[in-house]
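Data first, discussion second: the structure below is written as structure tokens.
Since every read-out is calculated from the coordinates, none of them should be taken as a lab result. Note that the coordinates shown come from a computational prediction; the quantities given were computed from them, not determined experimentally. Cβ: placed from backbone, ideal geometry, glycine included. Neighbour counts: every protein chain shown.
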Amino acid sequence: MFKAFSRSTSIRIVTATSLIGLFLLSGGVPAQAVDVTMGSTTVSITTDNLMCEEGGKCLIGDTGPGGGVVFYILDSTVKSRWHYLEAAPDSWNHGKADPGSLWCSNNNVFVKALNTGTTPTTSNTSALMGAGAKNTLGMLGTCATGAANLAAAYTGGGKSDWYLPSQVELNQMFKNRAAIGVFVSGAYWSSTEVAANYGRSEGFNNGVQSFTTKTTCAHVRPIRAF
């Protein structure tokens, strides 16, 4: 039960993360305040003082709910179910450097369509911001092993929604790599494919984006949206 507070009193919530959902606006954007009325008493509960990982506002470089590092903030005017992207910390691979992997063990066909499960004649993946999660699902339905499998297997912060970034998400991670931590000097995979046997990668030593054969061993860093 709530104690009786004076009207519009602000209190700080720092308890179970399951409560945080009560204080989120539609689209997953942290609310400034929520008024809870019980009879003649209104309690104003604010998330302003919460840490990023607790459901509060986030800045680039903050620790996210999954224990990763925030590297992208969606424009507040965009309606979306997520508002931030976090990259797995540089220690995510059991304290070792980011692992290398083929793009996909099934390396001469396009990723299967999610709605039909059939192999298309053109790619169903996207390079756009926010597309990595869907791309990864398609890859998991096609690849017995590969970059997406490594990313999706990560469960940092108790979260099971980590994925391989799209081309644009990967590039944003490159741009803010200094805030995230240590990366291997070499190519990283995105979840965007450009041909039946080519995927998109980006060199984290120089920012060059390339069409790369799916049999190439490039590095993997999972991300998640929240």
Pairs of alpha-carbon atoms within less than 8 angstrom and 6+ residues apart define the contacts here; what relative contact order does the range 67-125 have, in percent? 21
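Run the dipole for the range 100-225 about the Cα centre, Lys and Arg Cβ at +1, Asp and Glu Cβ at -1, nothing else charged, and hand back the magnitude in debye, nearest 20. Numbers along the way, then the final one.
Numbers: 9 positive and 4 negative charges, 25 e Å.
Using Cβ point charges on Lys, Arg, Asp and Glu, the range 100-225 gives about 120 debye.
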Per-residue ³J(HN,Hα) for the range 68-80, Karplus 6.51 cos²θ - 1.76 cosθ + 1.60, θ = phi - 60°, Hz, x for Gly and Pro: x, 10, 5, 10, 8, 10, 5, 3, 5, 7, 8, 7, 7
May I ask you to list the lysines whose Cα is less than 27 Å away from that of residue 112, ignoring any residue fewer than eight positions away on the same chain? 134, 159, 214
Starting from the amide H of residue 68, placed 1.01 Å from N in the peptide plane, find each other amide H under 5 Å away whose residue is 5 or more places distant or on another chain. none
Which whole-percent values make up P(r) of the range 96-226 when all C-alpha to C-alpha distances are grouped in 10 Å steps starting at zero? 14, 50, 31, 5, 0
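If you average the sequence gap of Cα pairs under 8 Å that are 6 or more apart and divide by the length of the range 100-225, what percent do you get for the contact order? Please report the intermediate quantities before stating the final value.
On the way: 289 pairs, mean separation 39.4, N = 126.
Computed over the range 100-225, the figure is 31 percent.
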Near the amide H of residue 55, under 5 Å away, which other amide H atoms are found, from residues 5 or more places off or on another chain, if H is placed in the peptide plane? none
